[in-house]
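*Asks:* Below is the structure I would like to discuss, written out as structure tokens.
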Amino acid sequence: QNPDGTINAGNLESPPDTAFLLEPLCVGHALLANQTAMNSTNVLAGLEDFILRAAEALTNGGVHTPNHRWVVCAALARIYKRYPEARYIQRIEDWLGEGIDLDRDGHFSERSRNYSQVVVRSLITLERLLGYTNLLDPVRKHLQMTYYYMEPDGELVTTDSRRQDQFMRISILSYYRQYRYMAILEGDGEFASITRNMEKLEGFGRAVLDHDLVYFMEEPLLQRKLPDNSPVPLQYEKLFTTSHLLRIRRGATSLT
């Protein structure tokens, strides 16, 4: 950790890269603090020092790309829940004051499957921890859109991305926690169906069970039973007018 509270990970002395690290770190810190059977005082003290120094960087520093705003906000929300400081909320509201960069189709401005799931995850964190319920509207609209970008094997179309994942393979599994949360929170049968289908995809254990367990330990809602399934469309022609991408599906056959 640098003297200003940032870390060097990809970008040097970067507040948003530090924010990415803080998401799992803050969850781990909170879970450890609730473990009365463990003597983790020294670990907790070290984590607290790291987190509070990083919070200064997030409160004062900038970002590189649009999705970084929401990653920083989510990290500050996690820090605020344990260390209430008005400056953290003010910084969150500074970024939220720019408005959520969602277009009429449901894309965030980067149109990136990789970074859009980060945005949705961050907006849910802000709703869950700080009560910004208006942020669920863009979450819902984006998740509804994302289904149409999914191939039958779970791979997401990235052709119209404005970021480097245009040339990468991205799986719907990176959205599992977000779909599950919204399905349970809102009793959404279509989201429940998509979530259950993800559990059948190759690589589910590695991508979700290994990676997301700590978040299930943190959030009891994720542990609740999914609502009953509602059918999702398997025959469609869907044109996304803001990026001019057309998706056609006929059962197990799809075309972009």
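The values are calculated or read from the model by the stated rules, or taken from the named source; none is laboratory data. What you see is a predicted model, and the numbers here were worked out from it, not measured in a lab. Positions of Cβ are backbone-derived with ideal geometry, glycine not excepted, and every protein chain shown enters the neighbour counts. Note: areas computed on protein heavy atoms with side chains; ligands, DNA, RNA excluded. Shrake-Rupley method; radii C 1.70, N 1.55, O 1.52, S 1.80 Å.
*Asks:* Between THR65, THR59, which is of a type in the set (Ser, Thr, Tyr) and within 27 Å of GLN164 (Cβ to Cβ)?
*Replies:* Answer to the selection: THR65.
*Asks:* I would also like to ask the following. So which residues in region 207-256 are open to solvent by 80 Å² or more (accessible area, probe 1.4 Å) and within 30 Å of LYS81 (Cα to Cα)?
*Replies:* Answer for region 207-256, where residues must be open to solvent by 80 Å² or more (accessible area, probe 1.4 Å) and within 30 Å of LYS81 (Cα to Cα): LEU209, ASP210, HIS211, LEU213, MET217, PRO220, GLN223, ARG224, LYS225.
*Asks:* Residue check: is THR65 among the β-branched types (Val, Ile, Thr) and farther than 26 Å from ASP212 by Cα?
*Replies:* no
*Asks:* Among the listed residues ALA77, ALA57, ALA45, ALA19, which satisfies the condition of being open to solvent by less than 70 Å² (accessible area, probe 1.4 Å), assigned to a helix (DSSP H, G or I) and in contact with an Asp or Glu (Cβ under 6 Å, 6 or more places away or on another chain)?
*Replies:* After ruling out the rest, the residue left standing is ALA57.
*Asks:* Then there is this: In region 156-166, is there at least one residue being open to solvent by 10 Å² or more (accessible area, probe 1.4 Å), over 19 Å from VAL27 (Cβ atoms) and among the basic types (Lys, Arg)?
*Replies:* The answer is yes; a qualifying residue exists.
*Asks:* Filter region 99-113 down to residues that are out of contact with any Lys or Arg (no Cβ under 7 Å at 6 or more places or on another chain), under 19 Å from THR65 (Cα atoms) and touching a residue at least 12 places away in the same chain (Cβ under 8 Å), then give me how many there are.
*Replies:* Of the residues in region 99-113, 7 are out of contact with any Lys or Arg (no Cβ under 7 Å at 6 or more places or on another chain), under 19 Å from THR65 (Cα atoms) and touching a residue at least 12 places away in the same chain (Cβ under 8 Å).
*Asks:* Related question: Taking ILE184 as meeting all but one of (1) open to solvent by 20 Å² or more (accessible area, probe 1.4 Å); (2) within 25 Å of ILE100 (Cα to Cα), write down the number of the exception.
*Replies:* The one condition ILE184 does not meet is (1).
*Asks:* Is there a residue being within 20 Å of VAL139 (Cβ to Cβ) and under 20 Å from the mean Cα position of the chain (by Cα) anywhere in region 28-48?
*Replies:* Scanning region 28-48 turns up no residue that is within 20 Å of VAL139 (Cβ to Cβ) and under 20 Å from the mean Cα position of the chain (by Cα).
*Asks:* State all residues of region 76-122 that are within 15 Å of the chain's Cα centre (by Cα) and closer than 26 Å to LEU47 by Cα; if no residue qualifies, say none.
*Replies:* Hits for region 76-122 are LEU76, ALA77, ARG78, VAL118, VAL119, ARG121, SER122.
*Asks:* Does GLN223 qualify as being touching a helix residue (DSSP H, G or I) at 6+ places or on another chain (Cβ under 7 Å), of a type in the set (S, T, N, Q) and without any contact (Cβ under 8 Å) to a residue 12 or more places away in the chain? Lay out the reasoning, then the answer.
*Replies:* Working: touching a helix residue (DSSP H, G or I) at 6+ places or on another chain (Cβ under 7 Å): yes; of a type in the set (S, T, N, Q): yes; without any contact (Cβ under 8 Å) to a residue 12 or more places away in the chain: yes.
The answer is yes for GLN223.
The rows are residues; the columns are (1) more than 26 Å from ARG162 (Cα to Cα); (2) at pLDDT below 95; (3) open to solvent by 30 Å² or more (accessible area, probe 1.4 Å).
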residue: ARG87; (1), (2), (3): yes, no, yes
residue: ILE100; (1), (2), (3): no, no, yes
residue: ASP103; (1), (2), (3): no, no, yes
residue: GLY106; (1), (2), (3): no, no, no
residue: VAL120; (1), (2), (3): no, no, no
residue: LEU126; (1), (2), (3): no, no, no
residue: GLY131; (1), (2), (3): yes, no, yes
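*Asks:* Yes or no: ASP94 within 16 Å of ALA19 (Cβ to Cβ) and free of Cβ contacts under 8 Å to residues at least 12 places away in the same chain?
*Replies:* yes
*Asks:* Oh, and also: Checking ASN11 against (1) more than 11 Å from ILE79 (Cβ to Cβ); (2) modelled with pLDDT of 90 or more; (3) touching a His at 6+ places or on another chain (Cβ under 7 Å), which test does it fail?
*Replies:* Evaluating ASN11 over (1) more than 11 Å from ILE79 (Cβ to Cβ); (2) modelled with pLDDT of 90 or more; (3) touching a His at 6+ places or on another chain (Cβ under 7 Å) leaves (2) as the failure.
Table: residues versus (1) closer than 21 Å to ILE248 by Cβ; (2) of a type outside the set (Gly, Ala, Ser).
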| residue | (1), (2) |
| --- | --- |
| GLY97 | no, no |
| ASP153 | yes, yes |
| ARG163 | no, yes |
| ARG180 | no, yes |
| LYS200 | no, yes |
